[in-house]
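What follows is a single structure, written as structure tokens, with notes after it.
Where a number appears in this text, it was derived from the coordinates with a stated rule and is not lab data. No experiment lies behind these values; they were computed from the predicted model shown. Neighbour counts run over all protein chains shown; Cβ positions are idealised from the backbone, glycine included.
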Amino acid sequence: MVTAGLIVPSVVSDAQYRTKTSGEDDSENKAVLILEQADSSDVPVVITLEQALEIALSENLSVKVADMEIERTGFAKKGTYASLFPQIDVSGNYQRTIKKQVMYMDFDMGAAGGSGITGGDGSENPGDGTGAEIPDAGETSARASSGGGLEVGRWNTWSAGLSASMPIINAQLWQSIKISGLDVELAVEKARASRLDMVTQVKNAYFSTLLAKEAFDVYRQVYENAVQNLAEAQKKYDAQKVSEFELIRAKTTVANAIPNVYNAESSVILSLWQLKAVLGVDLDLNIDIAGSLEDYSEHMFYDVHQHDSISLENNTTMKQLALQAEQLAENIKLQKYACIPTLSLGFNYSINAMTNDFKFNEYKWTPYSYVGISLNIPIFAGGKRYNQIRQAKNQHGQVQLQALNTERQLKISIRQNLNTMETNMKSWYAAQEAIGSAQKAYDIAEASYKVGRSTLIELNDAQLALTQARLAGSQAIYNFVTAKAQLEQTLGQDFINE
């Protein structure tokens, strides 16, 4: 495992950004530059918190999914607008008759003047032009098989047509277009929520890595001090100034310090993996982070009593609920508009041909066309429309109550975060005093031990107090910055806008 500080890292500076990237996708280009350098470099590429956020905004999968959702709702909105334009369709149809229809007529053939159908001169001549033709043997047989009826139609039916329709007055359609516009706004706000959540996750992972590195530095320093004390104890033991018990205790202190160093080093590696996962990059990417938790101590001066003036107007959850409430209010109108008459324009043109063969060049096509206006007046639907209106009003009321409850919970969260920040500010100030006192006590104990005025037990106690004070200071800063990050997410402070 590679320990922090053993390899000189590579830093991507802002000057490199300005010389190597340009254009409106500058942030994305910066992220690509860092990733390319980290992928090809043998030493870790050190990134700042701002650069980590830029990489996450470019590579994080949840952000990409949210952007795709915005694009999807945009397509849906365009599809709704398409309903205002004429809808044109072309159709074609072929039917093969399996069994023809049979038509019956109450007509006595004998009453017409004989036993059959006669010609124009009174003779039974089927060829005379003025009389009806006598059915041939096949037709007579078919008529007999159909019970005396007459088969109607031909074996093949062909048809083709062009139809067009267009709404002229449709209040529900117009209202649905307005609602689809709110869908796009809601998708945009959800994408913003994904970004805010991602920014908070990146900050927490970044600060966790800094805390792990602080702990590693503390435990490594404890180990180095233990090794120095062991060397001092060995010299005194060789000079017969201390007992063997003192030497064994010094060796035990070194042995006890080693697992803490390994565990702290492992925590650094795991926290870096977690940061890479949140950034959306390869876990094997060779990157490290810049700075220390102490760098953020100067930002701990925060007016924690300003909760009464804090506003939730930029909170993404409240904005989403407001958009949902607006959608449901428009949906109430949509259901009411179902009672309004609609007017539409229609056009149709079709051609048909009926034959008994497949000689297409001899077909006789019959055209048919019309244009018309259709008026639809809803009168009674069994109470369906009325209950749909009541359902929409019920949903709107639910969202309003949900928004009220969410606002209360968010205010509690804000006060909790401010209280956590205030507590850790006080803890940090106390830890600073404790670190100063513990460091002074350790220096005195170490000097006394070297001249033989104190025991190793006293030196170890001083070391333990100093370690606890340093870890408490780092923990207080970490708790403060994570609570502040959560507060910024609740208030809707966007990294992009900043």
PRE zone check, label point 7 Å out along Cα-to-Cβ of Leu401, amide N under 18 Å, scope region 319-346, hits 321-322, 324-326, 328-329
The Cα extents of region 160-235 along the principal axes, largest first and rounded to whole Å, are 106, 31, 8
Averaging 1/r across every pair of distinct alpha carbons in region 370-488 and inverting yields a Kirkwood hydrodynamic radius, in angstrom, of 20.5 Å
Other residues with Cβ under 11 Å from the Cβ of Leu182 give, with Lys and Arg +1 and Asp and Glu -1, a net charge of -3
Extension length gain for Leu150 and Thr252 (0.36 nm per residue less Cα distance), in nm, is 25.2 nm
Rounded to whole angstrom, the alpha-carbon centroid of region 255-290 lies from that of region 374-414 at a distance of 50 Å
The simple spin-label model distance between Asn361 and Lys235, using points 7 Å out along Cα→Cβ, in nm, is 11.9 nm
Hits in region 477-491: amide N under 17 Å from the 7 Å Cα→Cβ extension of Gln416, namely 479-491
Taking Cα pairs closer than 8 Å and at least 6 residues apart, the relative contact order of region 204-268 in percent is 51 percent
Region 458-477 and region 40-106 have their Cα centres apart by a whole-number Å value of 59 Å
Residues whose built amide H sits under 5 Å from the amide H of Ile287, excluding neighbours closer than 5 in sequence, are Val45
A correct Karplus calculation of ³J(HN,Hα) over region 159-176, with 6.51 cos²θ - 1.76 cosθ + 1.60, θ = phi - 60°, whole Hz and x for Gly and Pro, returns 8, 8, x, 10, 10, 9, 9, 8, x, 9, 10, 8, 5, 5, 5, 4, 5, 5
Rounded to the nearest 0.05, FRET efficiency between Cys339 and Ser369 (Cβ-Cβ, R0 35 Å) equals 0.55
What the 10 Å binned alpha carbon P(r) of region 270-383 shows, as percent of pairs per bin from 0, is 8, 12, 13, 15, 11, 11, 13, 9, 5, 2
In whole Hz, the Karplus estimates of ³J(HN,Hα) for region 386-393 (6.51, -1.76, 1.60; θ = phi - 60°; x where Gly or Pro) are 4, 6, 5, 5, 5, 5, 5, 5
Here region 270-280 yields Karplus 3J(HN,Hα) values (6.51, -1.76, 1.60; θ = phi - 60°; whole Hz; Gly and Pro given as x) of 5, 5, 5, 4, 4, 5, 5, 5, 5, 5, x
